[in-house]
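Novice: Below is one structure. I have some questions about it.
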Amino acid sequence: MAAHAHTTIPPWTWIFPLAGAAFLAAKAVGLVGAETVAGVAAAALLLGACVFASVHHAELLAVKLGEPYGAVLLAVAITVIEVGLIASIMFSGAPGAETVARDTVFSAAMIVLNGVVGLCLVLGGRRHFEQSFRGEGASAALAVLGTLAVVALILPNFTRATDGPSFAPVQLAAVGIASLALWAVFVFVQTVRHRDYFLDADADDAPVAAHAAPSDAVAIAALGALLVALVAVVLLAKALSAPMERAIDAAGLPPTFLGVVIATIVLLPEGLAAVRSALANRLQNSVNLALGSAVASIGLTVPVVALLAIPAGVTPILGVSAANMVLLGLTLFASTLTLATGRTTVLQGAVHLVIFAVFLLLAAVP
């Protein structure tokens with residue numbers, strides 16, 4: 001990619017988010033019927049365009065900030081969107097509202113660790129044969145991720161303070177605080193204390209150095225455009241939620257499949273950025289994006305769910321099914337083996353894609 005691609009903001013990357021905002025405003029005042037076929041098609045088209053705009057702005061900021069700050073910024077932005085969608089559905093009273101946090105967080109972890117990582121390793125390995133990254137950072141992220149996932153998604157199945165796979169309020173509050181604290185320590189280690197663990201092992205091979213860094217003014221404009229694009233993604237996805245629910249029901253899929261759809265939409269910008277980095281032989285950036293987003297998804301979502309649910313007297317169901325516990329354990333085991341050596345080939349990617357296919361199968365046919 002030419003250097004000028006990271007020193008300017010192409011017009012389409014802010015035109016489409018503004019068009020999405022205009023569509024949402026027209027929908028709010030009744031000028032556009034989002035429930036019509038034309039309205040749904042327009043919303044879906046604008047949603048896709050806003051996703052690609054988000055990817056461009058995130059990559060520009062990543063070049064400006066350097067690694068791993070760009071990955072952290074995108075992970076936090078994506079998680080804020082995810083939390084907003086979860087909160088809006090959790091208090092809507094719609095079918096499956098009590099499980100939407102669990103379904104979305106679990107789906108996000110499976111999509112990132114198997115779908116995104118698998119695709120990055122297969123496509124990157126196909127083009128570059130073998131790729132490398134820092135195993136120290138990956139091991140640290142997996143330790144945090146495994147702890148968060150087991151505590152938030154498996155432990156509720158075995159507590160006795162409440163009936164069902166959920167925490168009592170005091171348990172939920174404690175787990176929320178612990179999750180937030182662990183995420184904060186991880187970010188501190190990633191960006192300050194051991195930042196070198198998350199940088200390219202072979203600096204000479206890092207193509208990012210060939211890109212001219214954008215100016216401060218361009219970076220600030222990109223940050224504003226990124227926020228607008230991400231908000232547009234959330235609101236457009238919310239506008240499409242009712243048609244998506246009807247489509248899921250018409251297809252004979254379980255209501256919990258909505259969590260897969262939400263996680264896919266929310267993670268699409270980050271997933272695309274990770275795949276593009278792998279194709280450019282920047283696998284370290286792909287690993288930072290993937291693992292960082294999975295850690296942020298659980299580490300930030302659980303505290304916010306606790307903060308919203310406890311005062312409202314809502315008891316969110318967080319424990320996953322027995323089949324999903326097995327799948328989560330297999331994913332963490334395979335991820336540990338895949339990322340242990342700091343070198344990967346298409347074989348590891350194929351393993352993760354197979355697990356991802358099984359996840360999709362069980363999500364559609366529990």
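The values are calculated or read from the model by the stated rules, or taken from the named source; none is laboratory data. Small disclaimer: the values here were computed from a predicted structure and weren't measured. Please note: Cβ atoms are built from the backbone with ideal geometry, for glycine as well, and neighbour counts cover all protein chains shown. Please note that ligands, DNA and RNA were not included when accessible areas were found on the heavy atoms of the full protein model with its side chains. Shrake-Rupley method; radii C 1.70, N 1.55, O 1.52, S 1.80 Å.
Novice: How large are Rg and Dmax for segment 250-340 when only the alpha carbon atoms are used, in Å?
Specialist: Cα radius of gyration and Dmax of segment 250-340 are 16.2, 49 Å respectively.
Novice: Return a whole-number percent for the relative contact order of segment 151-286, with Cα pairs under 8 Å and 6 or more residues apart as the contact set.
Specialist: Answer for segment 151-286 is 20 percent.
Novice: Convex hull over the alpha-carbon atoms of segment 142-191: what's its volume per residue in Å³?
Specialist: Cα convex hull per residue, to the nearest whole number: 54 Å³.
Novice: Once you have a ≥ b ≥ c as the square roots of the Cα gyration tensor eigenvalues for the chain, tell me rounded if a/c is under 1.5, and otherwise prolate or oblate according to whether a/b is larger than b/c.
Specialist: Oblate is the answer for the chain, as a/c is 1.5 or above yet b/c matches or exceeds a/b.
Novice: Let me ask another. Putting +1 on Lys and Arg Cβ atoms and -1 on Asp and Glu Cβ atoms, find which of Val233, Thr191, Ile177 reaches farthest to the positive end of the dipole of the chain.
Specialist: Of the candidates, Val233 comes out farthest on the positive side.
Novice: How high is the relative contact order of the chain? Use alpha-carbon pairs under 8 Å, at least six apart in sequence, and give a whole percent. If you can, show how the numbers build up before the last one.
Specialist: Working: 546 pairs, mean separation 139.2, N = 366.
In percent, rounded to a whole number, it is 38.
Novice: Using a 1.4 angstrom probe and counting only protein chains, how large is the accessible area of Arg246 in Å², to 10?
Specialist: My reading of the accessible area for Arg246 is about 130 Å².
Novice: Can you list, largest first and rounded to whole Å, the semi-axes you get for segment 84-196 by taking the square root of 5 times each eigenvalue of its Cα gyration tensor?
Specialist: Over the Cα atoms of segment 84-196, the ellipsoid semi-axes are 31, 20, 13 Å.
Novice: May I ask you to order 157-170, 129-142, 8-21, 108-121 by the average number of other C-beta atoms within 10 Å around their residues, highest value first?
Specialist: Numbers: 157-170: 14.1, 129-142: 18.7, 8-21: 17.1, 108-121: 26.2.
Put in order of decreasing packing, that is 108-121, 129-142, 8-21, 157-170.
Novice: Hey, another quick one. May I ask you to compute the full-extension gain from Glu130 to Thr36, defined as 0.36 nm times their residue separation minus their alpha-carbon distance, rounded to one decimal in nm?
Specialist: Gain on stretching Glu130 to Thr36: 29.0 nm.
Novice: In whole Å, what is the distance between the alpha-carbon centres of segment 100-129 and segment 316-360?
Specialist: About 9 Å separates the Cα centre of segment 100-129 from the one of segment 316-360.
Novice: Next question. Mind checking the per residue accessible area of the chain for me, 1.4 Å probe, whole number of Å²?
Specialist: Numbers: 15450 Å² over 366 residues.
Ligands and nucleic acids excluded, the result is 42 Å² per residue.
Novice: What are the DSSP H helices in the chain that stretch 18 Å or more along their long axis, judged by alpha-carbon atoms, and whose average Kyte-Doolittle hydropathy comes to at least 1.0?
Specialist: 12-28, 37-65, 69-90, 135-149, 169-188, 216-239, 257-279, 283-312, 322-338, 346-364
Novice: Ok, one more. Where a ≥ b ≥ c are the square roots of the eigenvalues of the C-alpha gyration tensor, would you call segment 84-145 rounded, which needs a/c under 1.5, or, failing that, prolate if a/b is larger than b/c, or oblate?
Specialist: Note, shape of segment 84-145 comes out prolate.
Novice: How large is the charge dipole for the chain, taken about the Cα centre, if only the Cβ atoms of Lys, Arg (+1) and Asp, Glu (-1) carry charge, to the nearest 20 debye? Mind dumping the intermediate values first?
Specialist: Numbers: 14 positive and 18 negative charges, 22 e Å.
It comes to approximately 100 debye.
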